[in-house]
Amino acid sequence: GESVGLHLPTLSVQEGDNSIINCAYSNSASDYFIWYKQESGKGPQFIIDIRSNMDKRQGQRVTVLLNKTVKHLSLQIAATQPGDSAVYFCAERESGGNNRKLIWGLGTSLAVNP
Amino acid sequence: KAGVTQTPRYLIKTRGQQVTLSCSPISGHRSVSWYQQTPGQGLQFLFEYFSETQRNKGNFPGRFSGRQFSNSRSEMNVSTLELGDSALYLCASSPYPGSGGEQYFGPGTRLTVT
């Protein structure tokens, strides 16, 4: 079946550096992508989303890039802070119909070193 | 506005028993989704309810079931528990079905099956 996967299961960065978390998806029919952050002991929290008619979207300190040609999604975090330490998930949603499920990646653990 | 609440937060059961988990969505949200999260499989979609009707279902055996009440509160039930059912069960609420970034997650119920 279709799935979403991540290139790197863990990422370690220095405080203040920029972080890039990558995600590969295989369903070319997906039209909506989301990044979530999950801190220890908590449920996932929405970070940023992007629709397939866009290739870049910026939020506060975060940028999501979408490359539909190679089915690749990335999350860039500027000036990474210790509070950014968490597991990051990408998720995709199939296009069409009223019952579209989110398909989640396995997650990348981001560790920020002070 | 209060967030998504899940009860209980922790649960220990033995094989063969059954368990019921509860989720109260954000006030005004009518859609509730359930996920199973394990280290090896990530977030796996269980089912989604809207207006007391199951709108979508993941690939889980019939031992996993759910329901939604008229006040949008939802329960999920797992019968004949197996060791592999040990996981974090997450509930997410949203205003309507299929919404991606507007899903708000609860802290989860940690189920341990011994």
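Values in this text are rule-based calculations from the coordinates and carry no lab data. Small disclaimer: the values here were computed from a predicted structure and weren't measured. Here Cβ is always computed from backbone atoms with ideal geometry, including for glycine, and neighbour counts include all displayed protein chains.
Quick rundown of the values:
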| quantity | calculated |
| --- | --- |
| Principal axis dimensions, largest first and in whole angstrom, of region B:40-93 by Cα | 33, 23, 17 |
| Partner chain coverage, peptide A:44-54 - average Cβ within 10 angstrom | 2 |
| Footprinting exposure proxy for A:His72, B:His29 (fewest neighbouring C-beta atoms within 10 Å first) | A:His72, B:His29 |
| Average partner coverage of A:67-77, which counts Cβ from other chains inside 10 Å | 0 |
| Tail weight of P(r) past 21 Å, computed on alpha-carbon pairs of the protein assembly as shown, percent | 55 percent |
| Spin-label zone in region A:33-54 - amide nitrogen under 19 Å from a point set 7 Å from the Cα of B:Thr112 along the C-beta vector | A:40-42 |
| Qualifying lysines (Cα of each under 28 Å from Cα of A:Lys101; at least 8 residues distant if same chain) | A:Lys37, A:Lys42, A:Lys56, A:Lys68, A:Lys71, B:Lys1, B:Lys57 |
| Two-site label geometry, A:Ser109 and A:Glu39: point separation in nm, points 7 Å out along Cα→Cβ | 1.8 nm |
| Cβ-Cβ FRET estimate between B:Ser22 and A:Thr10, R0 fixed at 41 Å, reported to 0.05 | 0.75 |
| Whether chain A is rounded, prolate or oblate, judged on the alpha carbon gyration tensor where a/c under 1.5 counts as rounded | prolate |
| Gain on full stretching of the segment that runs from A:Ala79 to A:Ala29 - 0.36 nm per residue minus C-alpha separation | 14.7 nm |
| log₁₀ of I(q)/I(0) at q = 0.12, 0.15, 0.18, 0.20 Å⁻¹ - chain B, Debye sum with one point per alpha carbon | -0.37, -0.57, -0.83, -1.02 |
| Stokes-Einstein D in µm²/s, Kirkwood radius over Cα pairs - region A:14-74 at 25 °C with 0.890 mPa s viscosity | 193 µm²/s |
